[in-house]
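Notes follow the structure.
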Amino acid sequence: MATQRFAARAAACAAVVVLAVTSGTAARADDDIESLPAEQIVDRSRDALLDVRSVHLRAQGDLGENRSAMTVDLTLDRAGNCAGDVDLGKDQGKVEIIKRGDAVWLKPDADFWKNQVPVGGSAFDAVLNGRYMKGDASDSRLRPVVDACDLDTYRELVSDNTDTAVGTFTKGEVTTVDGVRTIQVTRTVHDHRLTAYVDTGGKHLPVRITVTGDGADAAVDFSGFDRPVPTATPPADETVDVSALLGRTPSQS
């Protein structure tokens, strides 16, 4: 299903960058973060990211390997709630995503149906007529969307990734990102240069992570730490049940 493909790519676009930079050591120190070795800066940032309850994540760019540039803009939390959208880039389509509790709403635009579902997509678009598809989080067709909306998905990936043998960390310059004073930490993995911009104040959370080289040019920006996910959901008259649109899954039959 097209929504499964875009959700998986959305998760990958954000998670692959986070994973490659935030696998760190267990060492801790009480010194000013700017004076710490690169590995300990990464460790502090990683631990801080694992501790947040919610975050606004914006991933954009091209990860190479013949993947088109895309933008993922989501606010998500550890309860699995999220709100935002995924833009596949180059007029390939955009999908608005809302998940609250066990309910999931998706609103693909006309470009999505045209390019991602070339056979029959225009019919789906006509049936929806600007409304959302609504389904249950237990629907297997929506599982990638559900996973991409859950902050714990990313936390588990980061906490499970402890390979420090691939690439070494190098501390860079102090610079400002969106008004925040940060220290750069860079790592090269398989011809990709990955740079984390770590807040020198507060909990030392990552503000931005970039990946360049070998055809890649992408960034993930983090903000809104521990701020609640918007609670607004579409009214019933603006939704169409996903089973009515796409049919029931075998488990629902």
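Rule-based calculations on the coordinates, nothing more; no lab input. All of these numbers come straight from a predicted model, not from anything done at the bench. Cβ coordinates were reconstructed from backbone atoms using ideal geometry, including for glycine residues, and neighbour counts include every protein chain displayed.
Restriction of the trypsin sites (Lys or Arg not before Pro) in region 87-133 to DSSP coil positions whose beta-carbon has at most 13 other beta-carbons within 10 angstrom yields Lys90.
Panel note: the C-alpha atoms of region 174-239, placed on their principal axes, show extents of 50, 33, 16 Å (largest first). Model label points for Ala126 and Thr175, set 7 angstrom from Cα along the Cα-to-Cβ axis, are 5.1 nm apart. Model label sites at Asp32 and Ala103, defined 7 Å from Cα along the beta-carbon direction, differ in position by 5.2 nm.
Listed by chain and number, the lysines whose C-alpha is less than 25 Å from the C-alpha of Lys94, apart from same-chain residues fewer than 8 away, are Lys107, Lys114, Lys134.
Straight-line reach from Lys203: which lysines have a Cα under 27 Å away, not including same-chain ones fewer than 8 places off? Output for Lys203: Lys171.
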